[in-house]
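Enquirer: Please find one structure pasted underneath; my questions will follow.
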Amino acid sequence: AFQWTADDRNSDKLVYDVYYREIGESSFKLLRENLSENFVTLDGQSLADGRYVVRIVAKDSPDNPAGQFLTGERVSEPFDIDNTQPGVVAAVPQMQAETARIVFTANDKASYVVGAEYSINGGPWLAVFAEDGISDSSDERYIVELPIKSPGEYVVTLRVFDASGNVGNGRAVVKK
């Protein structure tokens, strides 16, 4: 959502045109025209991942004859659109005595990984920390070590979250 303030020195009524463009593109695209409100919401899913700016054009056209109205504009600071879920890959689980060790790698091309948790056989989610102690980069590595006392097959799912709230997951099957 975007919100702005504008005023007209002689108190004419203002309407707004809202444009957007991805950084690197040469021209703005019209998003909304002749808005009477000073805010607009944007469905982030309607744009591809990237870095964007918004341009707001204020016009005093409602109170002035055609061709004699004035305009003013402002361009926003850049903002990011990130709809891509993080990728998660599991290495082949390693069994050592009664402990399974699973190494997961997570990456995110548009932002960074901020957290992870795992589940065994669809059970409750348990927090897991990145190997370096904190999830704070676009590439992270997680190690899950599980005590496996009974023979059988165990499905371990790792789910990771990125800074934009996207979720990705991967799984590994442990057999004892």
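Enquirer: Tally Lys and Arg at +1 and Asp and Glu at -1 over the other residues with C-beta under 9 Å from the C-beta of THR105: what net charge comes out?
Expert: Result for the local shell: -1.
Enquirer: Could I ask something else about it? Taking a cut-off of 26 Å between Cα atoms, list the lysines near LYS59, but don't count ones fewer than 8 places away on the same chain.
Expert: LYS13, LYS29
Enquirer: Okay, moving on. Could you tell me which residue out of TYR154, TYR142, VAL167 lies farthest along the dipole of region 127-176 toward its positive end? Charges go on the beta carbon: Lys and Arg +1, Asp and Glu -1, centred on the Cα centre.
Expert: Of the candidates, TYR154 comes out farthest on the positive side.
Enquirer: Can you tell me what percent of all Cα-Cα pairs in region 100-158 are more than 12 Å apart?
Expert: Of the Cα pairs, 67 percent sit more than 12 Å apart.
Enquirer: Could you tell me whether region 1-75 comes out rounded, prolate or oblate from its Cα gyration tensor? Rule is a ≥ b ≥ c as square roots of the eigenvalues, rounded for a/c under 1.5, then prolate if a/b exceeds b/c, otherwise oblate.
Expert: Here region 1-75 falls in the prolate category.
Enquirer: Return one whole number: the accessible area per residue of region 118-176 in Å², for a 1.4 Å probe.
Expert: 57
Enquirer: Measuring with a 1.4 Å probe in the full set of protein chains, what accessible area per residue, in whole Å², belongs to region 6-81?
Expert: Heavy-atom accessible area per residue stands at 65 Å².
Enquirer: Roughly speaking, to the nearest percent, how much of the chain's 1.4 Å accessible area is carbon and sulfur?
Expert: Carbon plus sulfur share of accessible area: 47 percent.
Enquirer: Note down the magnitude of the dipole of the chain about its Cα centre, charges +1 on Lys and Arg C-beta and -1 on Asp and Glu C-beta and zero elsewhere, to the nearest 20 debye.
Expert: For the chain, the charge dipole is close to 680 debye.
Enquirer: Run the dipole for region 27-97 about the Cα centre, Lys and Arg Cβ at +1, Asp and Glu Cβ at -1, nothing else charged, and hand back the magnitude in debye, nearest 20.
Expert: So the dipole magnitude of region 27-97 works out to roughly 160 debye.
Enquirer: Let me ask you something else. Would you mind calculating the gained length between THR71 and ASN83 on full extension (0.36 nm times residue separation, minus the Cα-Cα distance), in nm to one decimal?
Expert: Gain in length upon complete extension: 0.9 nm.
Enquirer: Further question: So between THR41 and ILE134, what do we pick up on full extension, going 0.36 nm a residue minus the alpha carbon distance?
Expert: So the chain would gain 30.1 nm between THR41 and ILE134.
Enquirer: Using all alpha carbons of region 63-176, what is the percent of pairwise distances in each 10 Å bin, ordered from the shortest bin to the longest?
Expert: 14, 36, 21, 9, 6, 6, 5, 2, 1
Enquirer: What shape does region 1-145 have by the C-alpha gyration tensor, where a ≥ b ≥ c are the square roots of the eigenvalues, rounded means a/c under 1.5, and otherwise prolate means a/b greater than b/c and oblate the rest?
Expert: prolate
The values are calculated or read from the model by the stated rules, or taken from the named source; none is laboratory data. As the structure is a prediction and not an experimental result, all values here were calculated from the model. Please note: Cβ atoms are built from the backbone with ideal geometry, for glycine as well, and neighbour counts cover all protein chains shown. Heavy atoms of the whole protein, side chains included, go into the accessibility calculation; ligands, DNA and RNA do not. Shrake-Rupley method; radii C 1.70, N 1.55, O 1.52, S 1.80 Å.
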